Amino acid sequence: MLVEVENLSKTFGEFRAVDNVSFAIERGEIMGMLGPNGAGKTTTIHMILGLITPSSGRISIFGKSMATHRGEILARMNFTSPYVAFPFRLTVLENLMVFARIYNLKKPRERIDELLQRFGIAKLRDKPIARLSSGENTRVGLCKAFMNDPQLLLLDEPTAYLDPEIAWQVKNALLDAQREKGTTILYTSHNMDEVERMCKRIIFLHHGKVIAAGTPIEITQAILEEEREEPALEEVFLRLVKGKAA
Amino acid sequence: MKIHRINAVIVRHLYEARRNFDRLTDLIWWPVLDIVMWGFFTIYLAHSSRLQPNVVSCLLGAVILWGTFYGFQRDMAVGFIDELWCRNLINLFSTPLTLSEYMVGLIGVCLLKVMVGLCAASAVAWAAYSFDIVPWLPMFIPYMANLLFFALALGIAITGLIFRYTTKIQALAWSFAGLLMPASCVMYPMSSLPRWMRAIAWMLPTAHSFEGMRQVLAGKGFSPQHFWWGAGLNAIYFVLAIGFFGWIFEQARTRGLLVKMD
């Protein structure tokens, strides 16, 4: 297993944001993490990144503990979310150059140009971040996320703010990375169709707990308690959230 | 610690300095404006028959050194606030970049900036008021080092407070050094202070640096006493600042503040 999360919990005062969550991701797998707002998805991702210290539990990535090998692990993985930003006065190129230096790339300009091309924003290279649309910003985040050719990618709603055509391009880029380089991806999204298409397995979080886990079709059949030929995660989502809320 | 990651932090802030008009004014405008204003004041004093020798040099020297101290402390804190304003902390700390690498990079870029300001102010003082700081530098450098070391400890402590209380207390970045100015005896000797304030002044490395600088300009030579007092206090404040910052950073990670800062 590339990622192993065991009994992970996080408490902020009285509030239990993540409650005894366990899961594992195989090498080269794309795993979806679903759940309503406040379910604990982002907190879990931040704990995997070492940005938040867990209250209890264990995170192991590439067979090493995140608590003791943070730098080594982070050099081989990456992350993006449309909800984090870049210094807005710096151009796209300048921002990406900073990360290229952090990852000590040998030919940073070539790598950056290739990534800008891949995500269709080559013409924005010398524009300040402040002058980009939300969708363009998201794509700069994706360029940053692919900068070090990561073996593990954590993507928090990577297609939020993207129009359908660009979202389709991004999904293809992710699938290509998985197919060609065996990149392992942990993917959160509110778009159920996207998750069905992208992810081999998913886990559902609600109130910080894993309430369902499996392949999209397994989860659909188990939660809806009927035979289905196609996954129906949207229905599952509504059933789980309403059912648990009730 | 990896040099390429420290370099990345320096480059990030140099890009910012180039593109941010506020940072450019901090860099050159205020040090030059200060020296121009105080220069005119010294010209006014020079016309007074009661002017004591070396007062002009003392004032201009003090303005230049205070600008260096204040600029370094401010740039440290503002450099970090910049990351909060643009919500860049998650991006930075989800990479292998460590906190110590970030801080060393920030210190490096602040040192560069403060040297630019120091050169600009010194050049104006020399060109407009015939005050040449260069001959004094060999004896000033130990005091300047103490000033920068104290600015560093303060910058680290204030950055720690900003980590904990976020931009709610960002005004401290610009104002904290000002709080210390009266007891730092920048423009006047320590003997001018009331007795109770002298005790405070003795605990400030800044006061020892300015006192030492005045002795040099008065022709009394380098004061090892003021230098070593300043250095000793700095060592204590630096250890305290580092300990405080490390503790605050761990608190920020435990409380999830690192990802919620704005």
Original post:
Of all residues in segment B:240-262, which are touching a helix residue (DSSP H, G or I) at 6+ places or on another chain (Cβ under 9 Å) and either over 30 Å from A:HIS46 (Cβ atoms) or more than 14 Å from chain A (Cβ to nearest Cβ) (or both)?
Top reply: B:LEU240, B:ALA241, B:ILE242, B:PHE244, B:PHE245
Original post:
Here are B:LEU161, B:LEU137, B:LEU147, B:LEU172: which of them is at pLDDT 90 or above and in a helix (DSSP H, G or I)?
Top reply: B:LEU147
**OP:** Could you check B:TRP30 against (1) more than 14 Å from chain A (Cβ to nearest Cβ); (2) surrounded by fewer than 23 Cβ atoms within 10 Å (Cβ to Cβ); (3) in contact with a Pro (Cβ under 8 Å, 6 or more places away or on another chain) and say which number it fails?
**Re:** (3)
Original post:
Of the numbered conditions (1) assigned to a helix (DSSP H, G or I); (2) farther than 22 Å from B:LEU33 by Cβ; (3) modelled with pLDDT of 90 or more, B:ASP82 satisfies every one except a single condition; which is it?
Top reply: (3)
**OP:** State all residues of segment B:83-98 that are among the aliphatic types (A, V, I, L, M) and either within 7 Å of another protein chain (Cβ to nearest Cβ) or more than 18 Å from A:MET77 (Cα to Cα) (or both); if no residue qualifies, say none.
**Re:** B:LEU84, B:ILE90, B:LEU97
Subject >> Sole residue being over 29 Å from A:THR44 (Cβ atoms) and either within 21 Å of the chain's Cα centre (by Cα) or not assigned by TED's automatic domain parsing to the domain that holds A:THR43 (or both), chosen from A:LYS64, A:LYS123, A:LYS144 >> reply: A:LYS123
Subject >> Filtered residues of segment A:122-160 (kept if in a helix (DSSP H, G or I) and more than 21 Å from A:HIS190 (Cβ to Cβ)) >> reply: A:ALA122, A:LYS123, A:LEU124, A:ILE129, A:ALA130, A:ARG131, A:VAL140, A:CYS143, A:LYS144, A:PHE146
Original post:
Does any residue of segment B:180-190 turn out to be out of contact with any Pro (no Cβ under 6 Å at 6 or more places or on another chain), exposed (fewer than 13 other Cβ atoms within 10 Å of the Cβ) and touching a residue at least 60 places away in the same chain (Cβ under 8 Å)?
Top reply: no
Original post:
Would you call B:VAL124 farther than 20 Å from B:ASN234 by Cα and part of a helix (DSSP H, G or I)?
Top reply: yes
Original post:
Which ones in segment B:43-67 are polar (S, T, N, Q) and either at pLDDT 90 or above or buried (at least 21 other Cβ atoms within 10 Å of the Cβ) (or both)?
Top reply: B:SER57
Original post:
Is it true that A:GLY71 is more than 18 Å from the chain's Cα centre (by Cα), surrounded by fewer than 18 Cβ atoms within 10 Å (Cβ to Cβ) and facing another protein chain (nearest Cβ under 7 Å)?
Top reply: yes
Original post:
Mind checking whether some residue in segment A:88-101 is surrounded by 18 or more Cβ atoms within 10 Å (Cβ to Cβ), within 8 Å of chain B (Cβ to nearest Cβ), in contact with a Gly (Cβ under 8 Å, 6 or more places away or on another chain) and in a helix (DSSP H, G or I)?
Top reply: no
Original post:
Got a sec? Which of A:THR188, A:THR183, A:THR138, A:THR159 is under 14 Å from the mean Cα position of the chain (by Cα), surrounded by 18 or more Cβ atoms within 10 Å (Cβ to Cβ) and not assigned by TED's automatic domain parsing to the domain that holds A:LEU240?
Top reply: A:THR138
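Residues are listed down the side, and each one gets a yes or a no for (1) part of a helix (DSSP H, G or I); (2) under 18 Å from B:TYR188 (Cα atoms); (3) among the charged types (D, E, K, R):
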position	(1), (2), (3)
B:GLY212	yes, yes, no
B:GLN225	yes, no, no
B:TRP229	yes, no, no
B:GLY232	yes, no, no
B:ILE236	yes, no, no
B:LEU240	yes, no, no
B:GLU250	yes, no, yes
B:ARG253	yes, no, yes
B:LEU258	yes, no, no
Subject >> Search result, residues across segment A:191-232 that are surrounded by fewer than 16 Cβ atoms within 10 Å (Cβ to Cβ), part of a helix (DSSP H, G or I) and either among the aliphatic types (A, V, I, L, M) or under 18 Å from the mean Cα position of the chain (by Cα) (or both) >> reply: A:ASP193, A:ARG197, A:ILE217, A:ALA222, A:LEU224
Original post:
of a type in the set (Ser, Thr, Tyr) and at pLDDT below 90 - does that describe any residue in segment A:152-166?
Top reply: yes
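The values are calculated or read from the model by the stated rules, or taken from the named source; none is laboratory data. A quick note: this is a predicted structure, and the numbers were derived from the prediction, not measured. When we count neighbours, we look across all protein chains shown, and the Cβ atoms used for this are built from the backbone with ideal geometry, even at glycine.
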